Amino acid sequence: WFAVSIPVCLLCDFGIWGLLLAVYRPHKTTPSIHQTRFTSETLGVRQLYVCGVCILTILLWCFESSLAFLFGDMGIVAIIPLVLLFGFPKILSKEDFNNFLWTVVILAMGGIALGRAVDSSGLLHELASRIEAFVDGFPLFGVLCVFCALILVCCTFISHTVGALIILPIVAEVGARLPEPHSRLLVMGSALMASGAMGLPVSGFPNMNAIMLEDTLGNPYLTTMDFFKAGIPASVVAYFVIITVGYAVMSLLSF
């Protein structure tokens with residue numbers, strides 16, 4: 001995973017960085033950046049308690065497959081920090097609960113529900129059969145280009161999580177049916193491409209958080225037009241890096 005993702009991500013970062021420099025030209029119009037004051041505090045009982053709950057939750061997620069008989073699903077593990085942090089006094093309050101970004105939470109959980117629905121309804125198998133017929137006779141590189149383009153378009157209009165939950169199982173199934181199975185290569189390339197879709201404010205949680213940021217006067221730093229003029233070209237840059245450098249590295253590693 002690291003052998004493929006590190007070079008691909010580095011090239012994407014440098015390419016998109018150069019694109020942003022060309023689009024916004026910070027050497028001509030550099031905004032003023034105010035320093036954030038940092039007040040050092042010693043770790044108290046509350047801070048240690050919160051750190052302990054977070055570490056416990058992360059460990060339970062890491063060993064979720066081994067503890068499936070006990071918890072059943074990762075969503076059950078996610079309830080544990082809610083109970084431990086909101087159930088004890090002076091940790092989190094009702095105001096903290098109301099200030100959650102519930103739109104983001106609903107989007108994430110709705111994506112998981114949508115993915116489960118596509119799988120259980122049989123739609124996943126039907127889509128896999130149609131796409132398999134479309135790419136029949138394509139070389140492996142052509143199949144990768146098709147899937148990366150498909151997931152790029154889908155994840156531009158819906159979140160990365162939803163797109164990955166819907167499309168990656170199809171990619172794996174079609175890859176397993178190829179004359180020379182290359183499910184790992186197709187899934188890896190498609191997973192990287194899902195994170196490279198950034199053409200709209202709704203294209204994943206980072207974009208949603210970015211569009212919500214406001215200055216002290218309540219004016220947003222970014223608009224939808226910013227995503228059009230920078231996000232769409234950045235997605236194209238990521239697409240070509242993945243289908244060229246990513247494909248070459250994965251082929252060398254016999255994915």
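Details
- Flag if Ala234 is farther than 23 Å from Ser254 by Cα, open to solvent by less than 20 Å² (accessible area, probe 1.4 Å), touching a Ser or Thr at 6+ places or on another chain (Cβ under 7 Å) and of a type in the set (A, V, I, L, M): no
- Leading residue by the ranking (least open to solvent (accessible area, probe 1.4 Å)) among those in the stretch 193-208 that are assigned to a loop (DSSP other than H, G, I, E, B), aliphatic (A, V, I, L, M) and modelled with pLDDT of 75 or more: Ala197
- Scanning the stretch 125-169 for residues that are more than 26 Å from Ala248 (Cα to Cα), open to solvent by less than 20 Å² (accessible area, probe 1.4 Å) and not small (Gly, Ala, Ser) returns a single hit, Val162.
Residue-by-condition table, conditions (1) free of Cβ contacts under 8 Å to residues at least 24 places away in the same chain; (2) polar (S, T, N, Q):
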residue	(1), (2)
Glu173	no, no
Met198	no, no
Asn219	yes, yes
Val236	yes, no
Ala248	yes, no
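- If only residues of the stretch 40-54 that are open to solvent by less than 100 Å² (accessible area, probe 1.4 Å) and among the β-branched types (Val, Ile, Thr) are counted, the one that is nearest to Lys90 (Cα to Cα) is Val50.
- Residue in the stretch 216-230 that is part of a helix (DSSP H, G or I), modelled with pLDDT of 80 or more and surrounded by 23 or more Cβ atoms within 10 Å (Cβ to Cβ) present: no
The values are calculated or read from the model by the stated rules, or taken from the named source; none is laboratory data. Keep in mind that this is a model prediction, so the values were computed, not measured. Methodologically, a virtual Cβ is constructed for each residue, glycine included, from the backbone with ideal geometry; neighbour enumeration extends over all protein chains shown. In case anyone asks, the SASA skips ligands and DNA or RNA and just uses the protein heavy atoms, side chains included. Shrake-Rupley method; radii C 1.70, N 1.55, O 1.52, S 1.80 Å.
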